[in-house]
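Peer 1: Would you mind keeping the following structure in view while I ask a few things?
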Amino acid sequence: MLEPHPDLTLDVIHGLGWIYLILAAMNFTWAVYVFRKGAHFRTGLGGLLTHPQDVPSAAPWAAYATLLSLIGVGHLVANSDPDAFVIKLPLFFKTAVNSIVASPSVYFALSIAGFGLVVAMRKWLVKPTVAWTLLNVGLLFMALSLTDYNFRQIVGKPDNVPIVSMLFIVGFFTWLYFKRAVENDERIAAGRPVLEAEKNEKVLVWPDLVYTELICMVVLTAVLVAWGIALQAPLEEPASSVRTPNPSKAPW
C-alpha cells in the first residue's frame, strides 16, 4: 500500500506564512485608505471613551491585519511537528463542500440561487467595504484549502494556475459590472446621463491609445516571461495519431 502524503509539511507552513503576511500588508493598506477617508462608526460605549461615537472605521481592519501578521510570523517560525499545527481546513467543512459538489443538481440549484441573491442584493454588494470583506473571505478560504494535500496538487498544476486566477478575475469584473449598473440606475433615476454617455470623450489614437497599449504590452510580456520561468509548461510526449490523451488538451 502506498504511503499517504501528509497534508502539511514545514515547507507548506512556511509558504502559508508568506501568504498571511501578504494579506496583512493588503489590509494594512486598506486600513490606511479607510482612515484617510475619515469614515467612523458608532460604538455605543457611552462615556467610556472621550469620543464614544467617533471611532475610525479603520480600527477593525488594522486589528485584523495585525492578527494576520502574527499568524504569518507564527507560520514562518514554525519548526515543530507539522501534524500538530492547528490552523488548517476543518474536516467537517471539507466534507460538507464535497457533498455539495458531488451532487450536480444541488450544486446547480445553489448556483442559481446564489446568482439571484447577488442580483437582488447588488446595491449592498457593490459597497467597497463589502467587496473588500468578500475578497478577504475568498483569499482566507484559499489559504486554508492549501493545507489539504489533494487541493494543493490540483491548483498547483501549471495548467490549472490560470483557472484559479480566473476565479478572482471573473469575481472582480462581475463586481465592477454591478457597481457600474447600480451607479447608472441611480443616475437615470436622478435624470442624469449614464457614465458611458457622460465620459465619452474622444481621444487621439496617437499618442493616447497607442502609448497606453505599448505600456500594457511591455507589462504583459514581462509577466508572461516571469510566468514561463517560474512554471513549467505541461508538455508531454510528441503527438501520435494512434495514442490520443484523454482528455485531449493542447500545451501552452
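The values are calculated or read from the model by the stated rules, or taken from the named source; none is laboratory data. Keep in mind the model is a prediction, meaning the values are calculated, not measured. Here the Cβ is made from the backbone with ideal geometry for all residues, glycine too, and neighbour counts use every protein chain on show. What goes into the accessible areas is simple: the full protein's heavy atoms, side chains included, and nothing from ligands, DNA or RNA. Shrake-Rupley method; radii C 1.70, N 1.55, O 1.52, S 1.80 Å.
Peer 1: At 0.36 nm per residue, minus the direct Cα-Cα distance, what do Met142 and Leu67 gain on full extension? Give it in nm, one decimal, please. Write out the running numbers ahead of the final one.
Peer 2: Working: separation 75, 0.36 × 75 = 27.00 nm, distance 1.76 nm.
Contour length minus Cα-Cα distance gives 25.2 nm.
Peer 1: Run the quick spin-label model on Leu134 and Val32: label points 7 Å from Cα toward the beta carbon, then report their separation in nm to one decimal.
Peer 2: Label at Leu134, label at Val32, 2.7 nm between them.
Peer 1: If r is the Cβ-Cβ distance from Leu117 to Asn160 and R0 is 35 Å, what FRET efficiency results, to the nearest 0.05?
Peer 2: Once rounded, the FRET efficiency stands at 0.80.
Peer 1: Given R₀ = 41 Å, what would the calculated FRET efficiency be for Ser57 paired with Ala239, taking r from the Cβ atoms and rounding to 0.05? Don't skip to the end; give the middle numbers.
Peer 2: Numbers: r = 58 Å, r/R0 = 1.41.
For Ser57 and Ala239, the calculated efficiency is 0.10.
Peer 1: With all protein chains present and a 1.4 Å probe, how do Phe115, Phe93 order by accessible area, largest first?
Peer 2: Phe115, Phe93
Peer 1: While we're here: Please list Trp175, Trp61 in order of solvent-accessible area, largest first, computed with a 1.4 Å probe with all protein chains present.
Peer 2: Reading off the accessible areas and sorting them downward yields Trp175, Trp61.
Peer 1: Using 0.36 nm per residue, how much length does the chain from Asn79 to Leu195 gain when fully extended, once their Cα-Cα distance is taken away?
Peer 2: Going from the current span to full extension adds 36.3 nm.
Peer 1: Still on this structure, please answer the following. Rank Trp206, Trp124, Trp18, Trp132 by accessible area, highest first, at a 1.4 Å probe radius?
Peer 2: Highest to lowest solvent-accessible surface, that is Trp206, Trp18, Trp124, Trp132.
Peer 1: Sticking with this one: Can you pull out the GluC sites (Glu not before Pro) in the range 148-246 that DSSP calls coil and that have at most 13 other Cβ atoms within 10 Å?
Peer 2: Details: sites: Glu183, Glu186, Glu196, Glu198, Glu201, Glu213, Glu236; in loops: Glu201, Glu236.
When the GluC sites (Glu not before Pro) of the range 148-246 are filtered for loop state and at most 13 Cβ neighbours within 10 Å, Glu201, Glu236 remain.
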